[in-house]
Every structure is written in C-alpha cells, then in structure tokens.
Amino acid sequence: PRVRNQGSQGLPLLAYKISWLEDIFKMSAGAKSGENDCDTHSSERENLLSGWLKKFYNSQKTELKPWVFCDGSKGFSYIEVTVKGARHNNEDTSYADGKLFGVFDGHGGKHASSLLRIKLAECFYNALGSTDLTKICDEGSPPTVVKALDTAYIRCQELMPTDYPLAQSGSTAVACWVHPNETNGPASKIFASCLGDSKALVFDNKTGAIAEGSMRVWDEEQGTLKGKGITKSGRYETESHGLTGDLKIAKDGSPNGMNNDPTGVGFREFELLRKKHNFAPSRRPFNISNMPGEERWRVLEVEPTRAVGHRMKKEHPLQHPEVFEWKISNGASQCLLLSCDGFFSKEAFRTPDMVTHFLTDPVGYCKRPDFFTGTCLEALLIKIHEADSLPDPGQVSMSELFDAIFNVVYNKLSDDTWTSAYESAHEYLQMFANEKPVPNIRTSPAKTILAACYLAVLMVSDDNVSCSMVILDGKKHFGGESFELGVAAHECP
C-alpha cells in the first residue's frame, strides 16, 4: 500500500508501517482472548485515541484527516463520521444531542449546511415550545414533533442569506427524532424528516436487514401535513428526492411517468416542481452525467428536488421535508443510520442494503459475487476494455481486493485531489482488513463506519462521505463518555 508520511509524529516510513502492524497484532490477540470484546463499545476510546487508527490519522495531510465523534454521555449513544473524499472541500455537517440527529449535505459552499447544523435544532426546540418532550409524539393532526420538524426547516430557509455569494449555497438534510419507550429505555418511535437525497434508515445490527413495517408519512408539499398522516407499509427508509430519468409520454402527449422510477417518487417530485414553477409543456429533465454507468437527472439548476438555501434562484427546490413515523419493536438490536449521498455517488454502494451489509459483515460483503455489478467502476472498465482486470471477490482476501481495485484505478485518476484521497482511502482499508478478526459495527463501530466511507472513495465516489449511526438500545455505550478523533469539517478554518 502507498503510505503518506505527513504525520506530526515524524515516524520514518518503515517504522510507521511496523508500528501500525504491531498495533493490529495486539488488537487481534486481544480479540482472541476476549480482551477486545466491544459489545458495549467500552474500548472504542482506545481504538480512536491510540493504536493504528490514531497513527493513520497522524499520517494524513490536514485536509485528508477524517473526523470521528463517539458519544454515550446523553440520550441515545451515537457515532458521527465524515471524510472529505475526492472533493476540494468538505461541505457536509452534522448535529446530534442524543435525541435529535441530523446530517446536512451542502452544495455550492458550506454556508447552508453550517446554518442547518447551528439553527435546525434551535428552531425545532423553539417550535416545540413548552410541550412535554414525553408527549410530543402523542396522537395529533399532526403530532407535535411532526409539525415542529416541518417548521424548523422553513424557519432555517427564512434565515438563509440573500446576498451573493452566500446565497448561492444550499443543502439537503435528514433529521431524526428518536423517542424512547421509557426513560433511558430502547427507542419506541423514530420521526425521520428528509429533504433531498440524504438518507435515513433503520437496520438490524447483526444481519444488516433494513426494517419493514407499517408507517405514517406527512408532507406539506403533497398537502398531507395537516392530518394524521398517510398510512402505508414498507421499508424504514426515507425516500430520495430526485429525478431518476426522462419522462414517459402518454399517447395524448402528456407525461405519465418517469424512467427508472420503480417507486414513482421521481415523477411525483417532477410534478410537484412543474406545478410550483409552472413549467412549459415542453420542459423535460436532462442528464448531466458523463460517467459510464451513472445517470444524474435534473430539471432545475441543482439535482435534488428538495433543499434549503439557493435564495438567489428564481426556480428553487421544494423546501418542506417529508416526515416518516417508524415504530421500533426491537431497538435492542437495531441502529439508525443517517447519511449524505456520498455512499451512493458513482454507484459506489448501489443500494442502502449494501451499506448496511458492509457495516454488519465487512468480510462477507467483500466476498459478494455482485460486489462490482452495476457500479460506475465496472461500467468504466467495460467501456475501456479492462473489465477483466477486476478480481473475483470470492477468490481473494479483503486486503487483496482493495489492492486490486487501487492498482486498476490509481493511474486513471485525474488530479492531485483524487490521487491523495485515493491513497488515503486505500491505506486505511488495508489497515482495517489486516486487523484480525476484521471489525464490524458490533465490535468496533467507529472503525467500521469509517471503513465504509473509505470504501465508497475507493469505489470512485467523488463526493464527501458523512454519516451518523445511532444505537437504539438506549444503553450508555462508550463508557458513558464522549470523545473524538480530529476536527469536524464545520470547525475547520
């Protein structure tokens, strides 16, 4: 593996490699003897602040350093992670207080996402007023928590700047209220609000399966906010607000659907925008992608059909969130994942299920026969007649798989931003793969979530990759403490 020696410790390259290999050996020995059993994640502080992960962090250039924050001190325990990836700047931010959690994916600058990080929670709690927090999820039309979430987004939109250049920035968002069934007990309900193509979902921490069940949905844009919600059954996963393809045209010349839109959300979002901005009948979505295997459709100047900010645009995205109520029946073994769309850029992870599969079983995921299927990496190599250069995942180790991907892709990267990010991702994944047993979110959640972010980069995601994972069992993990590695992107100068 390529190792960048940029660390403040000043270790010579060979000594640095030996050092982290020794740390991995110690961690492996501890795991075999039971010393590294992280069922309560009590050893995560040591994982972050010493050992090979800390040495990796110290070896990176400032702009490539990840940020990891673990907190078991209040409410529901959680982990926040962000990496810049192959972007010049990290425009993502996040928020968490043990009850309310958010991930904000900025574009056109980070002002909008930074404002959401600071103001969305403040506006949410102000909207709740003096309501007892134990009663905000009670039956209502809608429940208090739903109205407060919607109000918070709109209030943040009103606070967005109107002057150039800050008014150019915008942000998608996902924010979730996690409600316990009793004080300090497991989660009983989650109210997940989504605006744009950020994502929230609930999954089993052993199998990676995304939860399913009956739910209620509210959406001011669809005229369903004032009421008891629309009841439906499905996966506990927010919808991505974006267009999926060109329009389907009926015999009478009117649009009646959208390509690649199995849920119908893409066409629904187009129709909402068409009515809001009074599109001409000839107005059609267009594809802006120049990458094989990827389609990025838009009808506005930005891709997401919903976002805050963009105060200078005459045709702005929709600004009200879609809010989902999920009833949690097995919080003891489930987690909530909130993420930006960096996991899915360039089809690095083709589906949310593939992200959760990696988190719960990294080794098994990297043996999947469809590991490369449908990714932009595969499509690009097919186009240039190099598909045979990819290995059969079932026939190689994780370490060999990561090496093979790196060796195929590296000399095709376009600039220093890409190559530096790619070297960093490859280096981390090699360390991760060489720890025995390989971590997962039950044994070392921070390391594993960070590995998922770096795997997205290795699979040529060209976006920032940021996520938060909330442990829904209500227990005080991480020794009831909070600690971090690095500096959050929103705190960087």
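The values are calculated or read from the model by the stated rules, or taken from the named source; none is laboratory data. Just so it is clear, the structure is predicted and the values come from calculations on it, not from any experiment. Cβ sites come from the backbone with ideal geometry, for glycine too, and all protein chains shown count toward neighbours. Heavy atoms of the whole protein, side chains included, go into the accessibility calculation; ligands, DNA and RNA do not. Shrake-Rupley method; radii C 1.70, N 1.55, O 1.52, S 1.80 Å.
Residue 487 meets the conditions (1) within 23 Å of the chain's Cα centre (by Cα); (2) of a type in the set (A, V, I, L, M, F, W, C); (3) at pLDDT 95 or above in every case but one. The failed one is (3).
I'd like the full set of residues that are under 21 Å from the mean Cα position of the chain (by Cα), more than 24 Å from residue 374 (Cβ to Cβ) and either modelled with pLDDT under 95 or β-branched (Val, Ile, Thr) (or both), limited to segment 447-481. Residues satisfying the conditions are 470, 471. Of all the numbered requirements in (1) open to solvent by less than 10 Å² (accessible area, probe 1.4 Å); (2) in contact with a helix residue (DSSP H, G or I) (Cβ under 6 Å, 6 or more places away or on another chain); (3) aliphatic (A, V, I, L, M), residue 387 misses one, and that requirement is (1). Filtering 231, 207, 244 for residues that are of a type outside the set (D, E, K, R) and more than 21 Å from the chain's Cα centre (by Cα) leaves a single hit, 231. Scanning segment 92-106 for residues that are in a strand (DSSP E or B) and either over 16 Å from residue 197 (Cβ atoms) or of a type in the set (S, T, N, Q) (or both) returns 93, 94, 95, 96, 100, 101.
For segment 297-308, check the following and say yes or no: at least one residue is open to solvent by less than 70 Å² (accessible area, probe 1.4 Å), closer than 18 Å to residue 149 by Cβ and among the hydrophobic types (A, V, I, L, M, F, W, C). Yes - at least one qualifying residue is present in segment 297-308. The C-beta contact set for segment 254-268 (first residue over 18 Å from residue 287 (Cβ atoms), second residue surrounded by fewer than 18 Cβ atoms within 10 Å (Cβ to Cβ), distance under 8 angstrom, 6+ apart or interchain) comprises 256/248; 256/249; 256/250; 264/257; 268/222. Tallying residues that are part of a strand (DSSP E or B) and either among the charged types (D, E, K, R) or under 17 Å from residue 151 (Cα atoms) (or both) within segment 220-237 yields 3.
Name the residues in segment 389-439 that are touching a Phe, Trp or Tyr at 6+ places or on another chain (Cβ under 7 Å) and among the small types (Gly, Ala, Ser), would you? Hits for segment 389-439 are 425, 433.
You will find that of 147, 189, the residue that is assigned to a strand (DSSP E or B), basic (Lys, Arg) and under 17 Å from residue 100 (Cα atoms) is 189 and no other.
The residues of segment 309-327 that are open to solvent by less than 20 Å² (accessible area, probe 1.4 Å) and either within 19 Å of the chain's Cα centre (by Cα) or modelled with pLDDT of 95 or more (or both), listed by number, are 309, 317, 318, 321, 322, 323, 324, 325, 326. Hey, does segment 182-197 have a residue that's open to solvent by less than 20 Å² (accessible area, probe 1.4 Å) and in contact with a Cys (Cβ under 6 Å, 6 or more places away or on another chain)? Looking through segment 182-197, at least one residue is open to solvent by less than 20 Å² (accessible area, probe 1.4 Å) and in contact with a Cys (Cβ under 6 Å, 6 or more places away or on another chain). In the set 74, 99, 32, 65, only one residue is modelled with pLDDT of 95 or more and surrounded by fewer than 19 Cβ atoms within 10 Å (Cβ to Cβ); that residue is 99. For segment 330-375, the tally of residues that are closer than 23 Å to residue 238 by Cβ, assigned to a helix (DSSP H, G or I) and open to solvent by less than 10 Å² (accessible area, probe 1.4 Å) stands at 10.
In the set 250, 175, 200, only one residue is open to solvent by less than 60 Å² (accessible area, probe 1.4 Å), small (Gly, Ala, Ser) and free of Cβ contacts under 8 Å to residues at least 12 places away in the same chain; that residue is 250.
Given the structure, is residue 123 open to solvent by less than 50 Å² (accessible area, probe 1.4 Å), in contact with a Cys (Cβ under 8 Å, 6 or more places away or on another chain) and within 18 Å of residue 312 (Cα to Cα)? No. Among the residues of segment 207-219, those identified as open to solvent by less than 70 Å² (accessible area, probe 1.4 Å) and not in a loop (DSSP other than H, G, I, E, B) are 210, 213, 214, 215, 216, 217, 218, 219. Of the candidates 415, 463, 403, the single residue that is closer than 18 Å to residue 63 by Cα and open to solvent by 20 Å² or more (accessible area, probe 1.4 Å) is 415. Restricting the first member to segment 373-397 and to residues that are closer than 15 Å to residue 345 by Cβ, and the second to residues that are among the basic types (Lys, Arg), the beta-carbon pairs closer than 7 Å and six or more apart or on different chains are 374/350; 375/350; 376/346.
Total residues in segment 391-440 satisfying the condition of being hydrophobic (A, V, I, L, M, F, W, C) and either over 24 Å from residue 362 (Cα atoms) or at pLDDT below 95 (or both): the figure is 2.
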